[in-house]
Amino acid sequence: MQFPDQLKITLASQSVAVDRPPANPLSRNTETSIEELKRWSGSDNSGVAVSYFFRQYALFVSAQFHLLTYQNGYFKCAGKDVVFNRVHNYGFNLLETHVSSVHFKTIDANERFSAFHYILHEQTAQLIDEFRSHIKISPLILWDNILGSLIWFYANLEQRDPRRAAADLDWLMDAANWSPMRKSHWDRLLGDASLGQAVSRPLRKTCCLYKELPHFDTCTFCPQSN
């Protein structure tokens, strides 16, 4: 199946490029890419640079949950099959995820939770582990960076399709579904808060470290704003 051009346009608005070669890609070698991230983000701190990376990577995760919701598909590929491109948008140095359409997999509706697990474990957790094998940074910071974007997606979905959102959230809250991880990071972050509360007031206990970067201010959701 040819990947639809209109869907490529939709994903581009979420900083995901399909079947387009990157002009300024990060190295596939993790240690080298960390040094490149430090230069690109403007930080001499490896932890800050990697946190910046996962704030950008979060868009790819939420884009895939969007695809599963509206297109019954996602990109079933390992982290090594994804390329991150350095781009300059909105006056900032940012990242864009590049992926091949050969990895796009359509699924039946009853397979979506297996797809959730693949994205969270085979892609995200493994990518977090790879970076953390080279630097010291709390995994909670990186997971909060990623899930913060996903919370915004579900806060919007709840307004359009509350039954679908509720079913997905029930799955995300259950620690058993995050195995072999020992807990649900969604439950840890969201707790008893509603999605409306989560997007209207500070929720996370960790700082994403963007305030340590030049040209970025402390965000309104920062737990360390003072």
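The values are calculated or read from the model by the stated rules, or taken from the named source; none is laboratory data. It should be emphasised that the depicted structure is a prediction, and the values quoted were computed from it without experimental measurement. Cβ placement follows ideal geometry from the backbone for every residue including glycine, while neighbour counts extend to all protein chains displayed. With ligands, DNA and RNA removed, areas are computed over all heavy atoms of the protein, side chains included. Shrake-Rupley method; radii C 1.70, N 1.55, O 1.52, S 1.80 Å.
Within the range 3-24, is even one residue assigned to a helix (DSSP H, G or I), over 30 Å from K136 (Cβ atoms) and in contact with an Asp or Glu (Cβ under 8 Å, 6 or more places away or on another chain)? Give the derivation first.
Quick first cut of the range 3-24, residues assigned to a helix (DSSP H, G or I) only: 5-12.
Next cut, over 30 Å from K136 (Cβ atoms) only: 5-12.
This time we only want the ones that are in contact with an Asp or Glu (Cβ under 8 Å, 6 or more places away or on another chain), so: 8.
For the range 3-24, residues assigned to a helix (DSSP H, G or I), over 30 Å from K136 (Cβ atoms) and in contact with an Asp or Glu (Cβ under 8 Å, 6 or more places away or on another chain): present.
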Worksheet, complete the sentence: Sole miss for S114 among (1) outside any helix (DSSP H, G or I); (2) free of Cβ contacts under 8 Å to residues at least 24 places away in the same chain; (3) within 20 Å of M181 (Cα to Cα) is condition (1)
Practice prompt. For L157, work out the one condition from (1) at pLDDT 95 or above; (2) buried (at least 19 other Cβ atoms within 10 Å of the Cβ); (3) under 30 Å from S46 (Cα atoms) it doesn't fulfil.
Written response: (3)
Worksheet item: Only one residue in G191, G148 is buried (at least 18 other Cβ atoms within 10 Å of the Cβ), at pLDDT below 95, more than 14 Å from V48 (Cα to Cα) and not charged (D, E, K, R), so which one is that?
Response: G148
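Is there a residue being modelled with pLDDT under 95 and either open to solvent by 30 Å² or more (accessible area, probe 1.4 Å) or under 18 Å from the mean Cα position of the chain (by Cα) (or both) anywhere in the range 59-71? Spell out how you get there, then give the answer.
Keep residues of the range 59-71 that are modelled with pLDDT under 95, which gives none.
No, there is no match, as no residue in the range 59-71 is modelled with pLDDT under 95 and either open to solvent by 30 Å² or more (accessible area, probe 1.4 Å) or under 18 Å from the mean Cα position of the chain (by Cα) (or both).
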Worksheet item: Name the residues in the range 15-34 that are free of Cβ contacts under 8 Å to residues at least 60 places away in the same chain and either farther than 22 Å from D81 by Cβ or buried (at least 17 other Cβ atoms within 10 Å of the Cβ) (or both), would you?
Response: S33
Worksheet item: Among the residues of the range 165-187, is there at least one that is within 24 Å of T32 (Cα to Cα) and crowded, with 18+ Cβ neighbours inside 10 Å?
Response: no
Worksheet item: Take the residues of the range 88-117 that are within 18 Å of A17 (Cα to Cα), aliphatic (A, V, I, L, M) and surrounded by 17 or more Cβ atoms within 10 Å (Cβ to Cβ): which is nearest to the chain's Cα centre (by Cα)?
Response: L95
